[in-house]
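Input: a single structure, listed below in structure tokens.
The values are calculated or read from the model by the stated rules, or taken from the named source; none is laboratory data. Note that the coordinates shown come from a computational prediction; the quantities given were computed from them, not determined experimentally. We place every Cβ from the backbone using ideal geometry, glycine too, and count neighbours over all the protein chains shown.
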Amino acid sequence: MSKPMDQYTWQEIAIGGILIEPGSAREYRVGDWRSQHPVWTKSRCIRCGVCWTVCPEAAILEEPEGYFDMNPTYCKGCGTCARECVTGCISMIPEEE
Amino acid sequence: MGHRVGMEVSIAVSHAVQLARAEAIAAYPITPQTHIVEHLSSLVANGELDAEFITVESEHSALSACIGTSAAGARTYTATSSQGLALMFEILFIASAMRFPIVMNVANRALSGPLNIWNDHSDIMAARDIGWIQIFVENGQEAFDHTIMAFKIAENHKVLLPTIVNLDGFILSHVVEALEILDQEAVDKFLPAYHPRYRLDPKEPVTMGAFAMPEMYTEVKMAHQVALTNAYDQIVKVWEEYAKLSGRQYQPVERYKTKGAKVLLLTMGSLSEVAEIAVDELREAGVPVGLVKLRLWRPFPFADLRAAVAGAELLIVCDRALSLGGAAGPVMAEVRSAFYPVASQPQILGYAIGLGGRDVSPQTFKEVVSQAQREAQQGPSQEFYLFGVRG
């Protein structure tokens, strides 16, 4: 999208809500929905990348040294990464009130 | 231009779809709509109509398949009734929100329960807010004409909305009438091939049916509301163009002997012809009564209705469905809303008649007029009247 979603007027929306440009999902900042987030314990992480593979939002980023962390804009806190982690190095920590 | 035939109205409707050169049809049989799609399936099987006929296991799937073929850019048709329309319910809103110009005939029938296969308008009134264009017809010729015109209205790029043509179940769908069938050449000239604004095409990919976050949903709904309201102008234009072709001119609100009428009946669908007989007889007896026929239900023709009713003292709105637990039937509620901001307005009374196939004769309308005049004089004793109920 050429501008943020909350700046579109009704006249500017393509007919039937059709999306003509690619990449519009970037505007869906679903990280706002999160009530918990994953935290990696690096001492137990074998850098296998299973968490990166299974994340349904592609919201896990690989860091330069091969470890992983979440992208807070898109991580919904679903916990799939923590459940699938081979060594159990990911904990889901509740968001602070 | 055309030729006159004696034909069952359902078969005439299926010929209208054939003449419109529908390219995709997905439907499930349901009384009293069945003859329409049954005959269409024969036309396709016999090679008389070059269309994809998709047999499905339910009406939910029928309309879902129609959304698919319409998204692919095909001129798409379906038909249903009553429980079938109810089973389509969630897809009805999606078809209109995605702005697919699907044309559907609804052979109006009572909703269960109790189980009843006969005619009233409870099916379509329950689907009032689906965001489709909704038109009512009075006889077989109108059912034929409006089915052809519906494609031209729906597919207009200024409209792009699905359109329902309502015809009364059995009373119209199963009756043999004398009517004029237009020639293919004339229909082709009137209704060129459908050119979709967007369609599913790998060469020009788009996303259809994406979700809308709270930041967008309101704006998408506003665009839909404006499109449906503004469809009025194109509907009237298409009806005018068709009048030049057929000699039959249709209006959003039609008047019958309204000049000088102090009392007006308001009806929809096939009951309008019955009401005309009652009006003729009452006029002969010196009662200043007239008839207003509501053809266009969505978008609602506010200005036409106000103009048609101007000068009358009493307006009797005949509903063929109930809004149980509410103030009045759905048409009565709409009409009363239409007049609320108007300084000079008639007294408006609502009468529910002809539910679940209960016969409505000219005598019924005469009794309604006479009772309504009494009630209007004494002050209404009820919010609305369920006319003819025993006990």
When residues of segment A:12-56 are limited to those that are part of a helix (DSSP H, G or I) and at pLDDT below 90, the one farthest from the chain's Cα centre (by Cα):
A:Ser24
Does segment B:149-170 include one or more residues that are touching a Ser or Thr at 6+ places or on another chain (Cβ under 9 Å), more than 30 Å from B:Glu219 (Cα to Cα) and assigned to a loop (DSSP other than H, G, I, E, B)?
yes
Restricting attention to segment B:81-126, report how many residues are more than 19 Å from B:Met268 (Cα to Cα) and among the hydroxyl-bearing types (Ser, Thr, Tyr).
2
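When you scan segment B:232-240, do you find a residue that is more than 9 Å from chain A (Cβ to nearest Cβ) and exposed (fewer than 14 other Cβ atoms within 10 Å of the Cβ), even just one? Show your work before the answer.
Of segment B:232-240, the ones more than 9 Å from chain A (Cβ to nearest Cβ) are B:232-240.
Filter once more, so that each one left must be exposed (fewer than 14 other Cβ atoms within 10 Å of the Cβ): B:233, B:240.
Checking segment B:232-240: at least one residue is more than 9 Å from chain A (Cβ to nearest Cβ) and exposed (fewer than 14 other Cβ atoms within 10 Å of the Cβ).
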Which residue pairs have Cβ atoms under 7 Å apart, sit 6 or more places apart or on different chains, and have a first residue in segment B:362-389 that is surrounded by fewer than 15 Cβ atoms within 10 Å (Cβ to Cβ) and a second that is in a helix (DSSP H, G or I)?
B:Ser381/B:Glu375
Which ones in segment A:1-12 are facing another protein chain (nearest Cβ under 7 Å) and either acidic (Asp, Glu) or closer than 13 Å to B:Met213 by Cα (or both)?
A:Met5, A:Asp6, A:Tyr8
Could you say which residue among B:Leu179, B:Leu161 is more than 25 Å from B:Val335 (Cα to Cα) and modelled with pLDDT of 95 or more?
B:Leu179
Condition (residue is more than 8 Å from every other protein chain (Cβ to nearest Cβ), more than 30 Å from B:Leu271 (Cβ to Cβ), in a helix (DSSP H, G or I) and under 27 Å from the mean Cα position of the chain (by Cα)) applied to segment B:192-210: is it met by at least one residue?
no
Could you tell me which residue of segment B:128-185 is farthest from B:Gln33 (Cα to Cα), considering only residues that are crowded, with 24+ Cβ neighbours inside 10 Å and among the small types (Gly, Ala, Ser)?
B:Ala154
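Could you list, in sequence order, the residues of segment B:275-309 that are of a type in the set (Val, Ile, Thr) and surrounded by fewer than 21 Cβ atoms within 10 Å (Cβ to Cβ)?
Going residue by residue through segment B:275-309, those that are of a type in the set (Val, Ile, Thr) are B:277, B:279, B:287, B:289, B:292, B:309.
Once the filter is applied, which keeps residues that are of a type in the set (Val, Ile, Thr) and surrounded by fewer than 21 Cβ atoms within 10 Å (Cβ to Cβ), segment B:275-309 yields B:Ile277, B:Val287.
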Within 14 Å of chain A (Cβ to nearest Cβ), charged (D, E, K, R), in contact with a helix residue (DSSP H, G or I) (Cβ under 9 Å, 6 or more places away or on another chain) and part of a helix (DSSP H, G or I): does that describe B:Lys189?
no
Name every residue in segment A:14-28 that is facing another protein chain (nearest Cβ under 7 Å), surrounded by 14 or more Cβ atoms within 10 Å (Cβ to Cβ) and aliphatic (A, V, I, L, M), in order of residue number.
A:Ile15, A:Ile18, A:Leu19
Considering only segment B:346-365, how many residues are in a helix (DSSP H, G or I) and out of contact with any Leu (no Cβ under 8 Å at 6 or more places or on another chain)?
5
